[in-house]
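The values are calculated or read from the model by the stated rules, or taken from the named source; none is laboratory data. All of these numbers come straight from a predicted model, not from anything done at the bench. Note: ideal-geometry Cβ built from the backbone for every residue, glycine included; neighbour counts use all protein chains shown.
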Amino acid sequence: MNFQDKTVFILGASSDIGVDLAGRFAALGARVVGTYRDEAARANFTARDNLVLFPCDVGNPASVGRAVAAFAKLDRPWDVFISCVGTLEPIGRFFSLGFEEWENSVRVNSLAQLRVLHALHPHRRPQSINHAVFFAGGGTNSPFRNYSAYCLGKIALIKMCELLDDEDPLLNAVIIGTGFVNTKIHRQTLQNPEGAGPNHARTLKFIESAGSDSAMADIFACINWCVQAGREDVGGRNFSMVNDSWRNGGRELLAQLAADRGKFKLRRRGNT
């Protein structure tokens, strides 16, 4: 897609991934609208004429309403919606955690993000294909021990992308599993070695061994590929940025997707 004069809305733009994406899209001429949770996070951004920021706490419906109302006043219909929101906390076994905190985490990792997309839907560019991009997490193919709230929220987003694809012929909804990316979200694991269990050591090893990380560039490139590939082939699917062969045009992968409408979607294993 030529992003000149297109509007990219980044929910959670103050996250490490969000800051990076905002800069890359703005550099391509896109009009970027992003949200941040607190004023301290706003300092992460370099002033640009084509970058607008609004405060938004996704866990607070009133805050979401104010952010969407502010966006509507810009009179800039969005073309691409990207959600960079997520929290690993609370970390620990399900029955050892306070249920209200656990429930709130599931909400932040799924329903709260969908609330924003739902509220923004009337403000999309009309009569064209729009794109909604979410990020998946651990536990898609196996248990993600001690991170049940995060895992459950992300699984809900995976299924919701398929539902959105089925319902809305003008929305290309996809979700991308980025793999382990060196961002500040992992501080939550490092600060809770007891609750994280073996994942604490794995996370620490990853952080200590991380060199020059090309993952941010890959995330941007994978989003672009999903946008350019189009709804017919990629809509409603969960992609692995690391393992799927989307690079260099992904011709073989696109052929596989066209041949199997259930590929990269949640299914009960063993069905005939």
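Do you know which of the residues in the range 106-134 that are among the β-branched types (V, I, T) and in a helix (DSSP H, G or I) is farthest from I219 (Cα to Cα)? Write out each step before concluding.
Filtering the range 106-134 for residues among the β-branched types (V, I, T) gives 106, 108, 116, 129, 133.
Next, from what is left, pick out any that are in a helix (DSSP H, G or I): 106, 108, 116.
Details: V106: 24, V108: 21, V116: 22 Å.
Going through the qualifying residues, I end up with V106.
Would you confirm whether or not the range 155-178 contains a residue that is among the hydroxyl-bearing types (S, T, Y) and either closer than 20 Å to F25 by Cα or within 16 Å of the chain's Cα centre (by Cα) (or both)?
Looking only at the range 155-178, we keep the residues that are among the hydroxyl-bearing types (S, T, Y), and these are 178.
Applying the additional criterion that residues be either closer than 20 Å to F25 by Cα or within 16 Å of the chain's Cα centre (by Cα) (or both) yields 178.
Yes, some residue in the range 155-178 is among the hydroxyl-bearing types (S, T, Y) and either closer than 20 Å to F25 by Cα or within 16 Å of the chain's Cα centre (by Cα) (or both).
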Practice prompt. Of the conditions (1) crowded, with 17+ Cβ neighbours inside 10 Å; (2) among the small types (G, A, S); (3) more than 17 Å from G18 (Cα to Cα), A132 clears all except one; give me its number.
Written response: (3)
Fill in: Long-range neighbours under 8 Å by Cβ, at least six apart or interchain, first residue farther than 15 Å from D5 by Cα and touching a residue at least 24 places away in the same chain (Cβ under 8 Å) within the range 115-128, second part of a helix (DSSP H, G or I) and of a type in the set (F, W, Y)
L120/F71; H123/F71
Item to complete: Test G92 against the stated conditions and say whether it is touching a strand residue (DSSP E or B) at 6+ places or on another chain (Cβ under 8 Å) and surrounded by 16 or more Cβ atoms within 10 Å (Cβ to Cβ).
Response: no
Practice prompt. Can you tell me which residue within the range 250-263, out of those that are free of Cβ contacts under 8 Å to residues at least 12 places away in the same chain, more than 22 Å from the chain's Cα centre (by Cα) and assigned to a helix (DSSP H, G or I), is nearest to F220 (Cα to Cα)?
Written response: R251
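Does N224 satisfy the condition of being polar (S, T, N, Q), assigned to a helix (DSSP H, G or I) and under 16 Å from the mean Cα position of the chain (by Cα)? Step through it out loud before you land on a result.
Details: polar (S, T, N, Q): yes; assigned to a helix (DSSP H, G or I): yes; under 16 Å from the mean Cα position of the chain (by Cα): yes.
Criteria met by N224.
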Worksheet item: Tell me, which residue of the range 43-100 that is outside any loop (DSSP other than H, G, I, E, B) and basic (K, R) is farthest from E194 (Cα to Cα)?
Response: K73
Worksheet entry | Breaking point among (1) more than 27 Å from D5 (Cα to Cα); (2) of a type in the set (F, W, Y); (3) out of contact with any Gly (no Cβ under 7 Å at 6 or more places or on another chain), for F134 | (1)
Response to the item:
Within the range 124-170, restricting to residues that are modelled with pLDDT of 95 or more and of a type in the set (V, I, T), the one that is farthest from N224 (Cα to Cα) is I155
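From the list D233, D218, D260, pick out the single residue that is of a type outside the set (S, T, N, Q) and touching a Leu at 6+ places or on another chain (Cβ under 6 Å). Even if it seems obvious, please write down each step before you answer.
Values: D218 fails: touching a Leu at 6+ places or on another chain (Cβ under 6 Å); D260 fails: touching a Leu at 6+ places or on another chain (Cβ under 6 Å).
Of D233, D218, D260, the one residue that is of a type outside the set (S, T, N, Q) and touching a Leu at 6+ places or on another chain (Cβ under 6 Å) is D233.
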Item to complete: Under 6 Å between Cβ atoms, at least 6 apart or on separate chains: pull out the pairs that start in the range 23-42 with a residue that is assigned to a helix (DSSP H, G or I) and end on any residue that is basic (K, R) and surrounded by fewer than 22 Cβ atoms within 10 Å (Cβ to Cβ).
Response: A26/R48
Worksheet item: (1) crowded, with 17+ Cβ neighbours inside 10 Å; (2) farther than 25 Å from N104 by Cα; (3) without any contact (Cβ under 8 Å) to a residue 60 or more places away in the chain: which one isn't true of K73, the others all being true?
Response: (1)
Practice prompt. State all residues of the range 191-221 that are surrounded by 14 or more Cβ atoms within 10 Å (Cβ to Cβ) and not in a helix (DSSP H, G or I); if no residue qualifies, say none.
Written response: N192, G197
Fill in: Search result, residues across the range 98-112 that are farther than 19 Å from G139 by Cα and either in contact with a Leu (Cβ under 7 Å, 6 or more places away or on another chain) or crowded, with 18+ Cβ neighbours inside 10 Å (or both)
A112
